1. Between L10 and I95, what's the calculated FRET efficiency when r is the beta-carbon distance and R0 is 35 Å? Round to 0.05.
2. Near K52, which lysines are there with a Cα under 20 Å away, not counting those fewer than 8 places off in the same chain?
3. Between K105 and V17, what is 0.36 nm times their sequence separation minus the Cα-Cα distance? Round to one decimal in nm.
4. When the chain is fully extended, how far beyond the present Cα-Cα distance does E37 get from R112, taking 0.36 nm per residue of separation?
5. Compute for the stretch 1-72: radius of gyration divided by Kirkwood radius, i.e. Rg/Rh, restricted to C-alpha atoms, rounded to two decimals.
6. As a test of understanding, state the convex hull volume per residue of the stretch 1-138 from its alpha carbons, in Å³.
Amino acid sequence: MNLKLEALNLVRWLHFVALAVGGGAGVVALLLSGFEEGRGELRGLAAAVWSKVAAWGFRVALIAGIGLLFLKLQGGQNPFKNGTYFHIKLLLVFILVGMAEMAPKALAVGKRGAALLALVLFLAASFVAFNKGLFGARPAPAPEMPLAAGATLSAR
């Protein structure tokens, strides 16, 4: 476990926390939209929660993800060359951000389609990121172990 306070690790945690906040607030907003149907005093609460918490969580996660990409490219890593998973993830993320921006207006008039699709895209992007190997990601090469001069390798 890497506990160094490096920029890459800090931005990765910001990305993770922002995604957790955005996804959690999305679930809460969808639950609130179900309670709004019979009660007039709750009307608009789901749209307010989505626009104030969920949308900002996804926006901050997008900005942190872009920062994470630049930091990885500076460090010599290139996620674009590591299989097709990153391309799939980016496609899902851009559609997710579009749906997350449309969701507050739809929730305000009682429609849940954009919010549900944003939540499904959040889960799909998380699945792709977690299961990179299913989408053609190549494992990182194993580090070479230096040998001292005159040392020999013995078979076990």
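Any read-out appearing in this document is the output of simple, stated calculations on the displayed coordinates, not a laboratory observation. Bear in mind that the values here come from a model prediction, so they are computed numbers and not experimental data. Here Cβ is always computed from backbone atoms with ideal geometry, including for glycine, and neighbour counts include all displayed protein chains.
1. 0.80
2. K105, K111
3. This chain segment gains 29.2 nm when fully extended.
4. Answer, rounded to one decimal: 25.8 nm.
5. Taking Rg over the Kirkwood Rh, I get 1.19.
6. Hull volume normalised by residue count: 108 Å³.
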